[in-house]
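Here's the structure we're looking at; comments come further down.
The values are calculated or read from the model by the stated rules, or taken from the named source; none is laboratory data. Since the model is a prediction, treat every value here as computed from it, not as a measurement. Here the Cβ is made from the backbone with ideal geometry for all residues, glycine too, and neighbour counts use every protein chain on show.
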Amino acid sequence: MSAARAGGPSPALRVVPRRELRRKRRPRPHSCWNFLIVAPLWPLHGANLGTLLRTCDAVGACLAVPRLPWVPEALRRGNTLRHRACVHWTGDPCAWLLKRRAEGFRVLGVEVAEGAVRLADLPPARTPTIAVLGHESRGIPDEALDLLDAAVEIPMVGTGHSLNVAVAGSLVLYKLAGLV
């Protein structure tokens, strides 16, 4: 039994100072690696886009979004990083996905579907991969489901039927990046 469980002192934790973190991480934002892209193609809430931008920076991914009238401003407001992030503008979501598939991207949908891979079983991306996120309440539209190579499901034990888009996208990105 460990000393902490036996009522003794717990091991000391050391918080890593910001200066040390800066030395260990990239000194500049990554350029577009065009390898791992998260695509909330039917966004509903602008705050989710800012959260996803932050996750993209953390894992070395890009964000793909349609150029809806409110999206550029939501990205400007939500980008709490002090630099530009890699954003791909999609136009029509289905046409964009078709084009990426033709370029060799694997297209994964984050969706509750028969035959979906559980998040815990999702291997890191080995080929260029797009993680498609659906509408906050309606999911991925039927016309886009046929463009997916596979679906990833995030198991839940609560009463809700899905997670917030930014949370779901962040979990899947970390798994695809091989960081968890």
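Brief remarks follow.
- All conditions but one from (1) closer than 26 Å to K175 by Cβ; (2) more than 16 Å from the chain's Cα centre (by Cα); (3) of a type in the set (A, V, I, L, M); (4) modelled with pLDDT of 95 or more apply to L63; the one that does not is (2).
- Hits in segment 104-123 - residues which are under 19 Å from P141 (Cβ atoms) and not in a loop (DSSP other than H, G, I, E, B): V107, L108, G109, V110
- Criterion (within 21 Å of G178 (Cβ to Cβ), exposed (fewer than 12 other Cβ atoms within 10 Å of the Cβ), among the basic types (K, R) and touching a residue at least 12 places away in the same chain (Cβ under 8 Å)) met by exactly one of R54, R126, R118, R106: R118
- Test set (1) over 21 Å from V59 (Cα atoms); (2) touching a Leu at 6+ places or on another chain (Cβ under 9 Å); (3) outside any loop (DSSP other than H, G, I, E, B) - K99 fails condition number: (2)
- Checklist (1) over 20 Å from I130 (Cα atoms); (2) assigned to a strand (DSSP E or B) applied to V38, failing item: (1)
- Residue list for segment 81-103, filter: surrounded by 13 or more Cβ atoms within 10 Å (Cβ to Cβ), hydrophobic (A, V, I, L, M, F, W, C) and farther than 17 Å from P141 by Cβ: L81, A85, C86, V87
- R82 falls short of the stated requirement of being in a loop (DSSP other than H, G, I, E, B) and modelled with pLDDT of 90 or more.
- Here R126 meets the list (1) of a type in the set (D, E, K, R); (2) modelled with pLDDT of 95 or more; (3) not in a loop (DSSP other than H, G, I, E, B) almost entirely, failing just condition (3).
- Filtered residues of segment 61-80 (kept if surrounded by 14 or more Cβ atoms within 10 Å (Cβ to Cβ) and touching a Lys or Arg at 6+ places or on another chain (Cβ under 9 Å)): A64, G78, N79
- The single condition among (1) without any contact (Cβ under 8 Å) to a residue 60 or more places away in the chain; (2) outside any loop (DSSP other than H, G, I, E, B); (3) in contact with a strand residue (DSSP E or B) (Cβ under 9 Å, 6 or more places away or on another chain) that E143 does not satisfy is (3).
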